[in-house]
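Each remark here refers to the structure printed beneath this line.
The values are calculated or read from the model by the stated rules, or taken from the named source; none is laboratory data. Everything numeric in this text was worked out from a predicted model, so none of it was measured. Cβ atoms come from the backbone with ideal geometry, glycine included; neighbour counts cover every protein chain shown.
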Amino acid sequence: MSLRESEARRTTVKLPIEFEEEEDGRWIAEIPLLPGVMAYGDTKADAHMHVLELALRVLLEKIKRGETVPAEPAELDLPLQAV
């Protein structure tokens, strides 16, 4: 596959990420448009990294199954290629 063909198959998915600091100081990050995609971290950056990792796994499974991937302008910008 040429670079041009690869670029033609690329999709950008943008999803909102919500952050909240818990009473114990941990952070939780959630992507509301992907039910169940939430992750904790000791810092906001850790929670962000963990929720991105989980979102990638969930989106990959949705793409593999041929499901619709939700998209809305926001903080998460993942370049995805069809599998």
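The table below gives the values:
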{"item": "Residues of the stretch 44-55 satisfying the condition of being surrounded by fewer than 15 Cβ atoms within 10 Å (Cβ to Cβ) and over 14 Å from residue 18 (Cα atoms)", "result": "53"}
{"item": "Scope the stretch 29-69; condition in contact with a helix residue (DSSP H, G or I) (Cβ under 6 Å, 6 or more places away or on another chain) and among the aliphatic types (A, V, I, L, M); matching residues", "result": "29, 31, 34, 37, 39, 69"}
{"item": "Residue in the stretch 7-15 that is modelled with pLDDT under 85, part of a helix (DSSP H, G or I) and over 14 Å from the mean Cα position of the chain (by Cα) present", "result": "yes"}
{"item": "Residue that is modelled with the highest pLDDT, among those in the stretch 40-72 that are more than 17 Å from residue 30 (Cβ to Cβ), of a type outside the set (Lys, Arg) and part of a helix (DSSP H, G or I)", "result": "61"}
{"item": "Condition broken by residue 24, with the remaining ones in (1) more than 17 Å from the chain's Cα centre (by Cα); (2) at pLDDT 90 or above; (3) surrounded by 10 or more Cβ atoms within 10 Å (Cβ to Cβ) satisfied", "result": "(3)"}
